[in-house]
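The values are calculated or read from the model by the stated rules, or taken from the named source; none is laboratory data. Please read all numbers here as calculations on a predicted model, not as lab measurements. For neighbour counting, all protein chains shown are included, and Cβ atoms are generated from backbone atoms with ideal geometry for every residue, glycine included. SASA here: full protein model, heavy atoms, side chains in, ligands and nucleic acids out. Shrake-Rupley method; radii C 1.70, N 1.55, O 1.52, S 1.80 Å.
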Amino acid sequence: MARGYELLLYGLALAAALLLGMTSAAITLDVAARNLGLGTLPWILEASEYVLPLATFLVAPWLLRRNEHVRLDVVLTRAPWLGAAADLAGLAVSSALVVWGVRTILNSAQQGAMVLKSLVFPEWWLYAPVPVCFALLGVEFLRRLVTR
């Protein structure tokens, strides 16, 4: 079970890296094509706007698991109890965002809301990673609290 969970986190981080790499390549090709007078693909900029937060959500649980997230080590060495307080706050915020994400997805799907730009798709797709990734972050914060 633990190995499968770690593979899941690694897979999400790998997906984030691939998404960012493909986005960088697509933007580079779009700029080159535009400068060569070959035209442009208007959806690339829009897709990159969706990929950036998605990649952040996907990689966050893996970074937390590896203890490679942003933190203030100088403060934590002086007041170690703040680490537990931060983990508890992280668990609370993650739990709240799971609930918010599920409610938002259900409301969006119920309303049949669509994103209507260069790309057209159901709006709830934008919110789908939120409860999943924050649930994984919640698991990581809980794991950190238990193993302290």
- Task: Go ahead and estimate [θ] at 222 nm for the chain from helices alone: -39,500 (n - 2.57) per DSSP H run with n ≥ 4, summed, over the residue count, rounded to 500.
- Result: -27000 deg cm²/dmol
- Can you send over the carbon and sulfur percentage of the accessible area for the chain, probe radius 1.4 Å, protein chains only? 71 percent
- Largest first, what is the accessible-area ranking of 78, 144, 34 with a 1.4 Å probe? 78, 34, 144
- Output the peptides 58-67, 39-48 sorted from most to least packed, where packing is the average of other Cβ atoms within 10 Å over each peptide's residues. 58-67, 39-48
- Task: Work out how far the C-alpha atoms of the chain reach from end to end along every principal axis, then list the three figures in whole Å, largest first.
- Result: 59, 38, 31
- Per residue, what accessible area does the chain have, given a 1.4 Å probe and all protein chains present, in Å²? 64 Å²
